[in-house]
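A short write-up of the structure that comes next.
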Amino acid sequence: ARRVVFYGMATSAAVALDSAHKFLRINIPSVSYSDTHMQAISAALLEKRDIAIGISHSGSSKDVVDALRIARQSGATTVCITHHTKSPITKVADIKLYTAARETALRSDAMTSRIAQLSILDVLYVSVALRRYKESLRSIEQTDEALSDKKF
């Protein structure tokens, strides 16, 4: 992919941000958006060689679904990560990845869904890093060096 854009709202926004950070560290241009206007703007500017990943446990987060729909119309490959196989997000995703997380009474914390989403994205990250091993390792070393040079 030329670039990867992650979309998420609420707890899924933290997962999107974490994923964009990881992919950027291996020199895959990546960004995450949790603002609805930024999601729509970025989705409209995607192209055929881009990937848009929408993260939504329910699969019904209107803003994430809309961003993925716009990204698909723009020609990007769309991926969803959700728990619900028949949710609206699956209708706008070219590739569908499903979690097996059930929320508990503490659902407002979205603990199990967040861990499941992170697990899927970590597997994708490691797979891409291994496929581009030398370049990924070099990028990680360069960014480690840049960060260690900072005087805090």
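Numerical summary
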read-out: Sole residue being surrounded by fewer than 11 Cβ atoms within 10 Å (Cβ to Cβ) and modelled with pLDDT of 90 or more, chosen from Thr104, Thr77, Thr85; value: Thr85
read-out: Condition met for Val15 (within 20 Å of Leu124 (Cα to Cα) and open to solvent by less than 40 Å² (accessible area, probe 1.4 Å)); value: yes
read-out: Region 72-87: number of residues that are over 13 Å from the mean Cα position of the chain (by Cα) and within 20 Å of Ala10 (Cβ to Cβ); value: 3
read-out: Unique match (being modelled with pLDDT under 95 and either more than 17 Å from Thr11 (Cβ to Cβ) or of a type in the set (S, T, N, Q) (or both)) among Ser34, Ser113; value: Ser113
read-out: Residue list for region 49-74, filter: open to solvent by less than 30 Å² (accessible area, probe 1.4 Å) and among the charged types (D, E, K, R); value: Asp50
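The values are calculated or read from the model by the stated rules, or taken from the named source; none is laboratory data. Predicted model only: the values in this text are computed from it and were never measured. Don't worry about glycine lacking a Cβ; one is built from the backbone with ideal geometry, like all the others, and counts go over all protein chains shown. With ligands, DNA and RNA removed, areas are computed over all heavy atoms of the protein, side chains included. Shrake-Rupley method; radii C 1.70, N 1.55, O 1.52, S 1.80 Å.
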